[in-house]
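Peer 1: Before anything else, here's the structure in question.
Just so it is clear, none of the values below were taken in a lab; they were calculated from the coordinates. These figures come from a predicted structure and were not determined experimentally. Please note: Cβ atoms are built from the backbone with ideal geometry, for glycine as well, and neighbour counts cover all protein chains shown.
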Amino acid sequence: MTARLTRWDGPVPDREAIEKRFRDEGLSPHGWGNAPGDRYGSHSHGYDKVLYCVAGGIVFHTDDGDLELGPGDRLDVDAGTDHAATVGPSGVECLEASR
């Protein structure tokens with residue numbers, strides 16, 4: 001069980017480009033956002049999660065270390081992987097889907 005960070009290849013994408021990536025993978029994302037400094041306690045999911053940071057920033061805390069996401073960055077979280085998160089100083093907007 002792991003979490004993998006992938007940086008966007010090229011200029012920082014807009015929301016439409018990220019939504020296209022999800023559609024190209026057959027996924028239907030939903031959006032969410034949080035205010036600066038908001039936190040999520042440690043938890044896991046019973047499904048694989050795919051998440052893109054659209055704007056702002058967020059740090060995901062895993063047993064293997066912290067993963068800092070900015071606009072265009074992707075995080076794949078395997079089912080059962082414990083993770084927590086701290087929203088950056090500018091807040092965050094993300095798109096995510098389950099696989």
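Peer 1: For region 31-47, in order, what is each residue's ³J(HN,Hα) by Karplus, 6.51 cos²θ - 1.76 cosθ + 1.60 with θ = phi - 60°, in whole Hz (x at glycine and Pro)?
Peer 2: Coupling constants for region 31-47: x, 7, x, 9, 7, x, x, 4, 10, 10, x, 4, 7, 9, 10, x, 8 Hz.
Peer 1: Between ARG4 and SER90, take the C-beta separation as r, use R0 = 30 Å, and let me know the FRET efficiency to the nearest 0.05. Intermediate values should be presented prior to the final figure.
Peer 2: On the way: r = 24 Å, r/R0 = 0.80.
E between ARG4 and SER90, to the nearest 0.05, is 0.80.
Peer 1: Residue-wise, which Karplus ³J(HN,Hα) couplings in Hz belong to region 88-99, taking 6.51 cos²θ - 1.76 cosθ + 1.60, θ = phi - 60°, and x for glycine or proline?
Peer 2: x, x, 9, x, 8, 10, 10, 10, 8, 8, 9, 10
Peer 1: If amide H atoms are built 1.01 Å from N in the plane of the peptide, which residues on other chains or at least 5 residues away come under 5 Å of the amide H of TYR47?
Peer 2: Here the answer is GLY80, since their amide H atoms fall under 5 Å of that of TYR47.
Peer 1: Going highest first, how would you order 14-25, 71-82, 35-46, 50-61 by mean Cβ packing within 10 Å?
Peer 2: Values: 14-25: 13.8, 71-82: 17.4, 35-46: 11.3, 50-61: 20.3.
Per-residue Cβ counts within 10 Å, averaged per peptide and sorted highest first, yield 50-61, 71-82, 14-25, 35-46.
Peer 1: Further question on the same structure: Note the listed values [x] 6.6; [y] 7.8; [z] 5.8, then indicate which one is mean projected area of the Cα convex hull in nm² calculated from this particular structure.
Peer 2: Among [x] 6.6; [y] 7.8; [z] 5.8, the one derived from this structure is [z].
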